[in-house]
Amino acid sequence: MAFRKKSATPPPPPPPPRTLFEKIWDNHVVHRQDDGTCVLYIDRHLVHEVTSPQAFEGLRMAGRQLRRPDATIAVADHNTPTTTGPMDEESRIQVETLEKNVADFHVPYFGMDDPRRGIVHVIGPEQGLTLPGMTIVCGDSHTSTHGAMGALAFGIGTSEVEHVLATQTLIQKPAKNMRVAVEGVLPLGVTAKDVILAIIGKLGTAGGTGYVIEYAGRAIRDLTMEGRMTVCNMSIEAGARAGLIAPDEATFQYLEGRPYAPKGGAWDLALSQWRRLPSDKGAHFDMQLDLNASDIPPMVTWGTSPQDALPITDVVPDPANAPDENMREAWTRSLAYMGLTPGTKLVDVPIDRVFIGSCTNGRIEDLRAAAEIARGRKVASNVSAMVVPGSGLVKAEAEREGLDKIFIEAGFEWRLQGCSMCLAMNADRIEPGQRCASTSNRNFEGRQGRGGRTHLLSPAMAAAAAIKGTLADVRDFQ
Amino acid sequence: MEKFNTLRGVAAPMPMVNIDTDMIIPKNFLKTIKRTGLKDGLFYEMRWTADGQKKDFILDQPAYKDAKVIVAGPNFGCGSSREHAPWALLDFGIRCIISEGFADIFYNNCFKNGILPIKMPKEIIDKLMDDASRGSNAVLEIDLEKQEIKGPDGGTVHFEIDPFRKKCLLEGLDDIGLTLEKKSDIDDFEKKQRAAQPWLHAAE
Ligand code: SF4
């Protein structure tokens, strides 16, 4: 009887193929409204000193509790000093406020003297706090970095920080899906930073708006985890909500044994689930962008938007050749701000400062790449250069490998970990009119200090610029 | 959060593309632990020279000093997640921004603070930019319920907005309160997740 009944109903259709993003999303929907608005569960919440005080204050005022202290982690990074000197008054108050908040709400905290302290997006993966398939948020737009582990990670504002603290969820509508495939093999001297600058150059700063980008293709798979983090980190500079990469053996190898990664039986169980995360064959993407790795040269930005990226062999562009009126105005304004003349060879642009660090390029592999160029050479006399490790553990590892000595002998300053001159909230900043070769992620007007001029590039390119005293082609140093 | 029903006010034109959050509120104003008092930092580097002289920034011109609306170039609010950007705009008195497009996080942050960001196609922006250039006559009326903008010459245009976001603005709803009403759903989700992905939860 039961058998006949069963055979009367046709077998259920196979589930439709889904993307990595869709799988993570579906796994975290707590509640879905008819219009598609979801209450989305958040697995990990990273908290730092600058965007959290008002959120904790809101919680207190409403008499609300922190729902999941064990899913939350706090650290001070944005305005902490990179020297042993004292902090300015306002920064000190912000750090003390964070310390009071984490104590009151029992949030795990890497304190100022904790060797694990560092940039929030460096320590997440480093500690195994960032795992495949997770939803991760932080009151910082570069949270997309964590997508390199195959997590859905995005930045939120302070009101949403408060929302996550109180409910461990967010109210969200699903983003559209874009696939950016970089096939082939990267040429010598070309790094993850050049790849993402090339992608942003193609998409433009608003090209990714409303999308989550999945990076795929041989050149992406061939990147180390550090390189993948660099790529995902700058997704936001293309306007994308998040960037992610399917987890694979390299991901698992990187994570295994990290302090907060699952252990033993839990690791095996996690692994079996993580292996099912990659996008299914035939899954639908709303947009597709294809690049050939062999076409990507070492890149550098010339203007005040990350989309203003060009091959280092190129020249400063002429606004007369801008694609439309809006861009013509934007280029003209950029060039005036940057103090550049159309037609100047990029390799002839003199620089004053070099900054190697940030959540884009402050990891051990980045410091190794820069040290490789700096080894046995000297920073040009017109340049002041600094290296700021992304975390205390990166710093310790670099020192174990003797990278600090290479840098110091070459004339770089070797600093304490933190965000530093990426956003210049602490004492590290460039002076008006100074020009900086920087491994960070934003070249906006005033980003590294009022009137400061920023050129974004890879760590090896930054080191090469420091030695030559002008922007430089790293391939001349290899 | 303050409700948003209708708004009548001067609209200031800011045709620049990619007005980023670092321009809207530079980092030195992020060291506050409060949400208020940020208007002094709004567009600081565009309003003041390095040696403390006032530049003739649009929002400081007599015609626009009480502006409640900004008509902006495309990709407004790109860059960081700092909610200090909408806080500073709100503190100055801006309750509505009209642009061809906004960066996602900034767009989201506006709604959490009772600011209405309106997306419009280029032709309409061009027209509104023109309206906004008429100094203190550049008065726009925005009716959220009807989803209409009325220009100084009486013509109206319709705008689109997500119905849920509209409702939250109209009623000044507290998101957190809304979500907490679903507490049992969250409890259920957590229970299931703890069983399926025990490593995401601290040992009991
Ligand atoms: S290093 Fe720069 S981009 Fe990264 S979190 Fe710090 S300030 Fe933000």
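Quick rundown of the values:
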item	result
Per-selection Kirkwood Rh - chain B (Cα, Å, 1 d.p.)	18.4 Å
Gain on full stretching of the segment that runs from B:GLU145 to B:MET1 - 0.36 nm per residue minus C-alpha separation	50.1 nm
Mean-position separation - Cα centroids, the range A:141-170 and the range A:394-415, in angstrom	33 Å
Counting DSSP beta bridges with both ends in chain B, the antiparallel % (nearest 5)	50 percent
For q = 0.05, 0.08 Å⁻¹, Debye-computed log10 I/I(0) when each Cα of the protein assembly as shown counts as one equal scatterer	-0.22, -0.58
Relative contact order (%) - criterion: Cα under 8 Å, at least six apart; region: the range A:256-411	15 percent
Theoretical gain in end-to-end length, A:ASN382 to A:ASP113 [0.36 nm per residue, Cα-Cα removed]	93.4 nm
Spherically averaged projected area in nm², based on the convex hull that wraps the Cα atoms of the range A:285-363	7.8 nm²
Whole-Å distance, taken between Cα centres, linking the range B:87-156 and the range A:205-280	38 Å
For the range A:321-478, share of DSSP beta bridges that run antiparallel, in % to the nearest 5	5 percent
Helix axis angle, B:122-132 relative to chain B longest principal axis, alpha carbon, degrees	60 degrees
Percent of Cα-Cα distances greater than 21 Å, calculated over the range B:72-189	45 percent
Normalised per residue, the volume of the convex hull around the Cα set of the range A:366-478 (Å³)	89 Å³
Tail weight of P(r) past 19 Å, computed on alpha-carbon pairs of the range A:65-157, percent	45 percent
Structure-based [θ]222 nm, chain B - -39500 (n - 2.57) summed over DSSP H runs of at least 4, per residue, nearest 500	-8500 deg cm²/dmol
Residues in the range A:26-66 that a label on B:ASP188 would reach, taking backbone N under 18 Å of a point 7 Å out along Cα→Cβ	A:26-42
Nitroxide proxy distance, nm - points 7 Å out along Cα→Cβ at B:HIS201 and A:ASP34	3.3 nm
Reciprocal of mean inverse Cα separation for the range A:1-158 (Kirkwood radius, Å)	18.1 Å
GluC sites (Glu not before Pro) lying in DSSP loop within the range A:232-268, provided at most 14 other Cβ fall within 10 Å	A:GLU256
Calculated [θ] (222 nm, deg cm²/dmol) that DSSP helices of n ≥ 4 give over chain A, each run adding -39,500 (n - 2.57)	-9500 deg cm²/dmol
Taking chain A and dividing mean pair separation by its residue count, relative contact order in percent (alpha carbons under 8 Å, at least six apart)	17 percent
Cα-derived Rg to Rh of the range A:95-228, Kirkwood definition	1.01
Whole-number D in µm²/s for the range A:146-284 (Stokes-Einstein; Kirkwood sum over Cα pairs; 10 °C, 1.306 mPa s)	98 µm²/s
Computed Kirkwood radius, in angstrom, where 1/r is averaged over Cα pairs of the range A:73-121	11.3 Å
Cβ neighbours within 10 Å from other chains - mean over B:195-202	6
Chain lengthening between A:TRP267 and A:ARG60 when straightened (0.36 nm per residue, less Cα-Cα)	70.8 nm
Estimated distance in nm for a label pair at A:ASP104 and A:ARG218, the labels positioned 7 Å out from Cα along Cα-to-Cβ	5.7 nm
Cα-based Rg of the range B:17-67 normalised by 2.2 N^0.38 Å, two decimals	1.19
Amide H contacts of A:GLU413 (H built 1.01 Å from N, under 5 Å, at least 5 apart or other chain)	A:ALA385, A:MET386, A:VAL387
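Any read-out appearing in this document is the output of simple, stated calculations on the displayed coordinates, not a laboratory observation. Note that the coordinates shown come from a computational prediction; the quantities given were computed from them, not determined experimentally. Here the Cβ is made from the backbone with ideal geometry for all residues, glycine too, and neighbour counts use every protein chain on show.
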